[in-house]
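J.: Got a structure here, written out as C-alpha cells. Questions coming.
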Amino acid sequence: MKKHWILLLATTLLIVGVVLNAIYGGLFSSGTHSFNYFAAGDYAMGVFAAGEFSIGIFSAGIFSVGIFSIGIFNVGLYALGFFLFAWKKKYPKLGVNN
C-alpha cells in the first residue's frame, strides 16, 4: 500500500473530477489561459494541469509548480525533471583525478 498511494490519489481525483463534471459541467478547460479541475494550455492552473506554465497538484509542463510535477524546470514536493536522468547517468570523468 505504501508504494501505490500516489496512484490511488490520482485515480480518486480523476473519478471525483469526472463525477463533478457530469453534475456541474465545465471542469475541463483548454486554451491560452485555463483554470479548471483538468486544465491544459499555455498557462494552466488546476488539479491536473498541463501546459507551458502549469500550476496544480499534478502538473506537467516546461515550467511546472505542484506537489507532483514533471517538467524541465519544476518546483514541487515530488518533482521529476530531465536533469535527474543526467544526474544518475554515469559519464566518464574527463580530466578529473580521483
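The values are calculated or read from the model by the stated rules, or taken from the named source; none is laboratory data. Since the structure is predicted, the reported quantities are computational estimates derived from the model, not experimental observations. Neighbour counts run over all protein chains shown; Cβ positions are idealised from the backbone, glycine included. For accessibility, only protein heavy atoms count, side chains too; no ligands or nucleic acids. Shrake-Rupley method; radii C 1.70, N 1.55, O 1.52, S 1.80 Å.
Every residue, every condition in (1) within 18 Å of I70 (Cα to Cα); (2) surrounded by fewer than 20 Cβ atoms within 10 Å (Cβ to Cβ); (3) touching a strand residue (DSSP E or B) at 6+ places or on another chain (Cβ under 9 Å), yes or no:
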residue	(1), (2), (3)
A22	no, yes, no
S30	no, yes, yes
F35	no, yes, yes
G41	yes, no, yes
M45	yes, no, yes
A49	yes, no, yes
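J.: Same structure, new question: Would you check if V65 is open to solvent by less than 60 Å² (accessible area, probe 1.4 Å), among the β-branched types (V, I, T) and modelled with pLDDT of 80 or more?
T.: Spelling it out, it is not the case that V65 is open to solvent by less than 60 Å² (accessible area, probe 1.4 Å), among the β-branched types (V, I, T) and modelled with pLDDT of 80 or more.
J.: As an exercise: evaluate S59 against (1) within 18 Å of I6 (Cα to Cα); (2) modelled with pLDDT under 85; (3) not basic (K, R) and give the number of the one condition it does not meet.
T.: The failed condition is (2).
J.: Just one of L77, L20 is modelled with pLDDT under 80 and in a strand (DSSP E or B); which is it?
T.: Exactly one of L77, L20 is modelled with pLDDT under 80 and in a strand (DSSP E or B), namely L77.
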